[in-house]
1. Of Asp55, Asp18, Asp99, Asp75, which residue is away from the ligand (no atom under 16 Å from the Cβ) and modelled with pLDDT of 90 or more?
2. Can you tell me which residue among Glu90, Glu109 is among the acidic types (Asp, Glu) and either within 16 Å of the ligand (Cβ to nearest atom) or modelled with pLDDT of 70 or more (or both)?
Amino acid sequence: MASKKSSKVWEYFEKVKDDPKKVKCKLCQQLLSYHTTTINMAYHLKRLHPQFHDDSSGSTSASAAAPRLTQKKIDLRPPLSEKRKKEITEKIAEFVALDMRPVRIVEGE
Ligand SMILES: [Zn+2]
């Protein structure tokens, strides 16, 4: 097993002097058992400190990540002026009011 790939987790863990089979998470001071590989530590980081977990191993987890494209789309919309907002609100109120009336009135005229 090549250790260079997962060695980055050592930035967030330190060895426990008294127990060579344990490592301590620098972020939450939790002790983890250390079995020759850093899988445990990577898993701990991913689960408890995802902001520090570097997923550069190539396997991108398709978890519920915040889609950045949505924010860009929102930016493209022109901001509504106060007047326009009021107009829209009134239109909606009108529409709702109409909807509650008998259908005849809408159809008539
Ligand atoms: Zn931790």
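The values are calculated or read from the model by the stated rules, or taken from the named source; none is laboratory data. These numbers were taken from a predicted model, which means no experiment stands behind them. Using ideal geometry, Cβ is built from the backbone for each residue, glycine included, and neighbour counts are taken over all protein chains shown.
1. On the way: Asp55 fails: modelled with pLDDT of 90 or more; Asp99 fails: modelled with pLDDT of 90 or more; Asp75 fails: modelled with pLDDT of 90 or more.
Checking each option against the conditions leaves just Asp18.
2. On the way: Glu109 fails: either within 16 Å of the ligand (Cβ to nearest atom) or modelled with pLDDT of 70 or more (or both).
It is Glu90.
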